[in-house]
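The values are calculated or read from the model by the stated rules, or taken from the named source; none is laboratory data. The structure presented is a predicted model; accordingly, all values stated were derived computationally and were not measured. Note that each Cβ is placed from the backbone with ideal geometry, even for glycine, and that neighbours are counted across all protein chains shown. With ligands, DNA and RNA removed, areas are computed over all heavy atoms of the protein, side chains included. Shrake-Rupley method; radii C 1.70, N 1.55, O 1.52, S 1.80 Å.
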Amino acid sequence: MANRTVSDAIAVHGTNPQYLIEKIIRTRIYESLYWKEFCFGLTAETLIDKAIELTSFGGEYGNQRPTEFLCLTLKLLQLQPSKEIVLEFIRNEDYKYLRALGAFYLRLVGNSLEIYQTLEPLLNDYRKLRKRTNDGDFEIVCMDEFIDELLREERACDTILPRILKRYVLEENGELEPRESIEKSSDNESATESPKENNKNRNRGKSSRRNRSYSRSRTSPSRRYSRSRSRSPKRRGGDWRADRYVPSDNRGNRRRRRISYSRSRSRSRSRSYDRYEPSYRRGKSFSSSSYRPSRHRSYTRSLSRDK
């Protein structure tokens, strides 16, 4: 039958390769239209054409429908291709979904050592993939994120992943070397530069610092520490009437003049006048020589003399 594993297949992790996917998901795959229409009669060679046509990856979506990616994974478990074919899937750089399919199959089938040795170089692949969520929508996931999920998580694409050894265990056993990231390698390359270039960079840094210090020294301290003088009173201890506006004498003129009630430097500025004071007394001192009595007072004095 079409749903049976190949007769010469080898047991993986002590069981049938198809059993690595849960039974309920397998039955849904067998009943799906894509499995019946496109996966019937596929071989390891013709499966490549279907993998190239993939536009997304994921587990189940919508009303618990399996994706095309999951259907082709089950077909690979059923056919059980050779290790060389799977490695060619992973080494292919032209078709990213074919690489993702090979990496997911190797994670299900391979042992811990070959999984780390084969999948860790794919962490440098930053191409974007479309992942189909359970709601039926799509989200953008990079290839390195998908590979990191395969190496770290226990479940991916709605499939339980077989357990593998931690990386530090393999490092302690001497089977794997400590992994170095790209950033550390770039730092090492910059450290191995010629000493002449390093001296040039240092001299440039010193010259730029000197120019900055010279420009700062040329700025006058009076500008930096100067304060604007204003005749308005200070906030502390000032008079609240300092900002009061009163209209000028000319009614036709609409301009307003500010009267300062605060103390100023000279006495002449400090003296203020009353708005109801007669005009001939404004701005004049109150000495006896400059004092002029009003008319009604002189008139009353003349009457008293006549009497």
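Based on the Kirkwood radius over alpha-carbon pairs, what is the Stokes-Einstein translational diffusion coefficient of segment 41-161 at 20 °C with 1.002 mPa s viscosity, in µm²/s?
149
Less than 12 Å Cβ to Cβ from residue 29, Lys/Arg counted +1 and Asp/Glu -1: what total charge do the surrounding residues give?
Here the charged neighbours net out to +1.
Could you sort 43, 159 by accessible area so the largest value comes first, with the probe set to 1.4 Å?
Working: 43 65, 159 0 Å².
The ranking, largest first, comes out as 43, 159.
What do you reckon, how do 5, 27 stack up by accessible area (1.4 Å probe), largest on top?
Of 5, 27, the descending order of accessible area is 27, 5.
How about segment 109-162: which GluC sites (Glu not before Pro) there are in a DSSP loop, with at most 12 other Cβ atoms within 10 Å of their Cβ?
The qualifying sites are 153, 154.
Multiply the residue separation of residue 137 and residue 111 by 0.36 nm, subtract the distance between their alpha-carbon atoms, and state the gained length in nm to one decimal. Let's see the in-between values first.
Working: separation 26, 0.36 × 26 = 9.36 nm, distance 3.33 nm.
Once the chain is fully extended between residue 137 and residue 111, it gains 6.0 nm.
Run the 1.4 Å probe and let me know the accessible area of residue 144, rounded to the nearest 10 Å².
My reading of the accessible area for residue 144 is about 40 Å².
Pairs 50/131; 83/131; 23/75; 50/96; 36/75; 128/166: which exceed 20 Å Cα-Cα?
Pairs exceeding 20 Å: 83/131; 128/166.
Taking the Cα centroid of segment 28-61 and of segment 9-27, what is the distance between the two, rounded to the nearest whole Å?
If you average the Cα positions of each part, the centres end up 17 Å apart.
Not counting ligands, DNA or RNA, and with a 1.4 Å probe, what is residue 109's accessible surface area in Å² rounded to the nearest 10?
40
Pick out, in residue order, every one of the trypsin sites (Lys or Arg not before Pro) in segment 1-78 that is DSSP loop and has at most 13 other C-beta atoms within 10 Å; say none if there are none. Intermediate results must be reported in sequence, preceding the final value.
Working: sites: 4, 23, 26, 28, 36, 50, 75; in loops: 4.
The qualifying sites are 4.
For segment 1-55, state which GluC sites (Glu not before Pro) are in a DSSP loop and have at most 10 other beta carbons lying within 10 Å of their beta carbon.
Those satisfying the criteria are 45.
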